[in-house]
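Structure, as structure tokens:
The values are calculated or read from the model by the stated rules, or taken from the named source; none is laboratory data. No experiment lies behind these values; they were computed from the predicted model shown. Positions of Cβ are generated from backbone atoms using ideal geometry, with glycine treated the same way; all protein chains shown enter the neighbour counts. Side chains included, ligands, DNA and RNA excluded: accessible areas come from the protein's heavy atoms. Shrake-Rupley method; radii C 1.70, N 1.55, O 1.52, S 1.80 Å.
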Amino acid sequence: MEKFGIGQGIRRHEDFRFLSGKGTYIDDITHDGMVHAVVVRSPHAHAKIVAIEAQSAMAMPGVLLIVTGEDWTREGFGTMPTKSAVQKKIDGTPLNQPPRHALAIDTARYVGEPVALVVAETEMQAVDAAEALDIDYDELDAVVDPVKALAPGAPQLWDDIPGNFCLDFELGDKDGTQAAFASADHVVSLAIENNRVTAVPLETRGAIASYDPETENYLLENATQNVHANRATFAGDVLNIPEEQLHHIAPDVGGGFGAKNSAYGEPALILYAAKRTGRPVKWINQRGESFLSDTHGRGQLSTVELALDKDGTFRALRTSTIGGIGCYCWTVGPFTPSGGAARTQGGPYNFPAMYYSSKVAFTNTAPMDPYRGAGRPEASFQTERIIDYAARTLGFDPVELRRRNLMTPDMLPRKTPMGLDVDSGNFPEVFDRTLAMSDRAGYRARVAASAEKGIRRGFAIAPYMECTGGGPKEFAGVDFGRDGTVTLRVGSQSTGMGHETSMPQILAAELGIDFDRVTYVQGDTEATPIGGGHGGSRNLEVGGNAVLQAAREITAKGKRIAAHLLNSNEDDIDFADGAFKDVKTGQSIAMDDVIEASFETGRLPEAMDPGCLDTGTVYEREIITIPNGCHAAEVEVDPETGAVRVERFWAVDDFGKIINPLLADGQVMGGVAQGLGQALLEEIVYDEDSGQLLTGSLMDYALPRADDLPEMKIAYFEDAPTAKNPLGVKGAGEAGCCGAPPAIVNAVIDALAPDGVRHIEMPLTPEKVWRAIASAR
Amino acid sequence: MPTISLTVNGKPVSAEADTRQLLSVFLREQLGLTGTHIGCDTSQCGVCVIHVDGKAVKSCTMLALQADGADVTTIEGLASEGEMHPMQEAFRDHHALQCGFCTPGMVMMSVVLARDNPDLDDDAIRHGLEGNLCRCTGYQNIIHAVRAGAKAMKG
């Protein structure tokens, strides 16, 4: 028997399955009689649907059903409301929320919006019929830019929402910030765009719906990150059936990063189609469709201002943002450019005053919802860019200016001016460790070596401080089998992060049982009564603590059984290393023996029944945690071509207690890669006039490839434990997206500082870098 | 529909193939070999890489009909007698996969890279894997795994 503890880099349970081709992703599932659905999507950014002539398509071979907005209206299905944590405008009135149906009812408002569903015996038949479907559109003017959408005279998306205005938002001390700006020695201001990107999980979205006419129950197998919340939407809001009638399962999910969080329209459409056809209905997005219809993220235009004293001490930070969210509020769309980006403004720096305000606009684009970080990467980037800009324009050393303004441990705990509860951390220490790791002593020689080749070299360091998010509650259930098996059921959801390993690791360590005995169940509304799914780096913080809580409830029950078996007082029983021990007599009994006894009435104390160790518990977070750290990058820039190479990258992260360093490394590396993608390569671009998506394939939207990345060096700081949760974890999933973009972009600016370049908008493509150099000269 | 005959994972198979069916779809739907994934529609992502007559091929770049008479190996055929291939072992050991969706293509590509160049350095691995996208790992652990897998394959 192998025992594994918390903190060990256990190899993953799930890998055998994935490495041998035995993973079960949504498109790997087939059912008897299964038929195929294809979504017909709007080719226009904004158009009235005048008529859909479905008869000839219906007559094509194999076609079973065509669903249009007219059908949807006739059936009386409900809309999908936003669950944004920010629901009100500054004046206290509710945000403007247009009705979001599973498909466009009479007007399409973005290229790719579902307009009809075609169901046929085979996928090819459905594709052919979808192409033949005759839809008469009346094109309208479109607006894709959120600033233009809010301007007078812009095309109007919704009759009853004037000015395409969703909401405005503010946080912080407006007057105090204004006063600090008024009395500061220096004020710098910079317009910063946070480029619109999309998650691109390598598995596209897809689902299979089945319906049983006898029980009137639905089954939805869905490549989703959040079965419980989305069941509530599909059952309660759309189909108007009790939640129990919809069994929602997520099989193996091939990446998500936020893009699979939402309740999309397509699963609702195929649930209906399954009932209408009496057949299981499969729908799988093509990659091109995913670019059109997956949620996008970031996409914020901000003016960021920093007030400083003569000696470089920060006085105040003020950010004003405009964010577009597409034509609907989607699931939590309004939150990211409002509360999401506001909370972590200012990062780990000591700002006496801060103020954040934003306006959120509807546009004729794909919906916006969370993408890895959902506001925190934007806040981190805005903060770090304005600090860097201040250093360059006012003549401070960028490293020193940061170092001198970090919050110090003696300032903690504290509430930031944005209301964030910072309980723990040692920002200067993490900063210094990052600097030490990055071989500053050898830097000058590396700059010289680059210069020999005609290449500029630059360095930047980017401390960040973010926070967790997502559902505050999580369920963990543990069932013991008579055959020695242990089943752990949790309502959070892995889309690749390795919960099948990290969660049993916690349980096995706490109970002192063999890790390999634990079978893990997730992503199933019938397996857990509640579940918060995936998002906000919440799994270990909320789910992991639920597992810990379940384990502690089990050992408490175990103590009673052990006391009974050892003829001891329950109070004298201690549990450690998988054994219950009477501290007075020295007698002990192993956890395995207690588990065995728990099935036998004769060996149990009164009031305990066989199977009594089975446990289900709900853990609720009281307050979100504060992951933080420091990233640094060294880049080479070729001034002749504008090409940027990230040569070296360092990260020191404070995620609290590290449960499995192997998996934590994976989170950092993957997050940094996505951060590098946003910084250098990725951008969603719509044509301003037509509203067509110009980056609608992997040939146009550049993802980082293996040779775009350097070998990263990663370390953890575990000496500032948090008491916000019993495991002492802070969350790891989104740090890379907060740290990497500012480190990389500021390193490029450092490299080009001698050329006079002060700012380049992401992504830093060779063309933009080259143009920046050319215009600075 | 025409029928094609080929060898898949060491076994002769015959099956009907639609004239416009891609090899990737044929393997998944006609033969039930769902370990070969489909991640894009432009042959960019590499999750469908298999071996055709010993070469690493994106199976979405071939029609099924073009594989008539070919010797095909998919991820399901890589392990032998229940023993994982050294490259599969190396991927697990180095945490070179997260969601697992790119993994079959990544492993199949890596096996050919290592076979054709037993002394792969990191640059050669990164260059060799340019046609295989991974959105989870940041590639670093994949590079480490391929380095170790190549060494193990050399024996």
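Couple of notes before you dig in:
- Shape call, the range A:1-141: gyration tensor on alpha carbons, a/c limit 1.5: oblate
- Computed over the range A:577-709, relative contact order equals 12 percent, with contacts defined as Cα pairs under 8 Å that lie 6+ residues apart.
- For the residues of B:72-78, the average number of beta carbons from a partner chain within 10 Å of their own beta carbon is 2.
- Of the accessible area of the range B:86-154, computed with a 1.4 Å probe over protein heavy atoms only, carbon and sulfur atoms account for 48 percent.
- Database remark: amide H of A:His296 closer than 5 angstrom to the amide H of A:Met368, A:Asp369 (H placed geometrically; neighbours at sequence offset of 5 or more, or on other chains; Pro and chain starts carry no H).
- A straight chain from A:Ser697 to A:Asp91 at 0.36 nm per residue would run longer than the Cα-Cα distance by 214.0 nm.
- Summing +1 for each Lys or Arg and -1 for each Asp or Glu among the other residues whose beta-carbon sits under 11 angstrom from that of B:Cys102 gives 0.
- Length gained when the stretch A:Ile105-A:Val127 is fully extended (0.36 nm per residue, less Cα-Cα span): 5.8 nm
- Burial of accessible area (probe 1.4 Å, heavy atoms of protein chains only) in the range B:120-153, relative to its chain alone, reaches at least 30 Å² for B:Arg126, B:Glu130, B:Leu133, B:Arg135, B:Cys136, B:Gly138, B:Tyr139, B:Gln140, B:Asn141.
- If R0 is taken as 35 Å, the Cβ-Cβ distance between A:Ala451 and A:Asp719 corresponds to a FRET efficiency of 0.35.
- Under a 5 Å amide H cut-off, with hydrogens placed 1.01 Å from N, A:Tyr686 pairs with A:Leu694 among residues at least 5 apart or on other chains.
- Residue by residue, the range A:338-354 carries 3J(HN,Hα) couplings of 10, x, x, 7, 7, 4, 9, 3, x, x, x, 8, 8, 9, x, 9, 8 Hz when phi is fed to the Karplus relation 6.51 cos²θ - 1.76 cosθ + 1.60 (θ = phi - 60°); x denotes Gly or Pro.
- Other residues within the sphere of radius under 10 Å centred on the Cβ of B:Met1, judged by their own Cβ, net out at -2 (K and R +1, D and E -1).
- Separation in nanometres of the label points that stand 7 Å from Cα toward Cβ, at A:Gln55 and A:Lys174: 6.0 nm
- Other residues whose C-beta falls under 13 angstrom from the C-beta of A:Pro721 contribute a net charge of -1, scoring Lys and Arg +1 and Asp and Glu -1.
- For the range B:40-95, GluC sites (Glu not before Pro) meeting the loop criterion (DSSP other than H, G, I, E, B) and having at most 11 other Cβ atoms within 10 Å: B:Glu81.
- Projected label distance in nm at A:Asn240 and A:Leu412, using a 7 Å step from Cα toward the beta-carbon: 5.2 nm
- Using C-alpha pairs under 8 Å with a sequence gap of at least 6, the mean separation divided by the residue count of the range B:3-75 gives a relative contact order of 41 percent.
- Contact order, relative form, for chain A: 15 percent (alpha carbon pairs under 8 Å, 6 or more residues apart, mean separation divided by residue count).
- Highest mean first, the peptides A:198-210, A:641-653, A:8-20 sorted by other C-beta atoms within 10 Å per residue fall in the order A:198-210, A:641-653, A:8-20.
- Scalar couplings 3J(HN,Hα) for the range A:191-205, obtained by applying the Karplus form with A = 6.51, B = -1.76, C = 1.60 to θ = phi - 60°, are 7, 10, 9, 9, 4, 6, 9, 9, 6, 6, x, 5, 8, 6, 5 Hz; x denotes Gly and Pro.
- Full-extension gain in nm, A:Asp609 to A:Val521, via 0.36 nm per residue minus C-alpha separation: 29.2 nm
- Residues whose amide H lies under 5 Å from that of A:Arg648, counting only those 5 or more places away or on a different chain, are A:Glu634; hydrogens are built 1.01 Å from N in the peptide plane.
- Karplus-based coupling profile of the range A:699-709, in residue order and whole Hz: 8, 10, 9, 8, 8, x, 10, 4, 8, 8, 10, with θ = phi - 60° in 6.51 cos²θ - 1.76 cosθ + 1.60 and x standing for Gly or Pro.
- Residue among A:Phe18, A:Phe649, A:Gly736 farthest towards the positive dipole end of chain A, charges placed on Cβ: A:Phe649
- Beyond 26 Å in Cα-Cα separation lie the following of the pairs A:Lys559/A:Lys584; A:Lys359/A:Lys657; A:Lys260/A:Lys724; A:Lys83/A:Lys359; A:Lys89/A:Lys415; A:Lys88/A:Lys148: A:Lys359/A:Lys657; A:Lys260/A:Lys724.
- For chain A, the Cβ-based charge dipole about the Cα centre amounts to some 2040 debye (Lys, Arg positive; Asp, Glu negative; other atoms uncharged).
- Counting, for every residue in A:346-354, the Cβ atoms of other protein chains within 10 Å of its Cβ and taking the mean gives 0.
- Shielding of peptide B:80-86 by partners, expressed as the average count of other chain Cβ atoms within 10 Å per residue Cβ, is 1.
- Between B and A, buried accessible area from a 1.4 angstrom probe totals roughly 4300 Å², ignoring ligands, DNA and RNA.
- Note on A:Glu622 and A:Arg645: the model spin-label points, each 7 Å out from Cα along the C-beta direction, lie 5.2 nm apart.
- Ordering of A:487-499, B:113-125 by packing [mean C-beta count within 10 Å, highest first]: A:487-499, B:113-125
- Placing a label point 7 Å from the Cα of A:Asn217 along the Cα-to-Cβ line, the residues of the range A:245-259 whose backbone N sits under 18 Å from it are A:245-251.
- Highest-first arrangement of A:466-474, A:665-673, where packing means the average Cβ count within 10 Å: A:665-673, A:466-474
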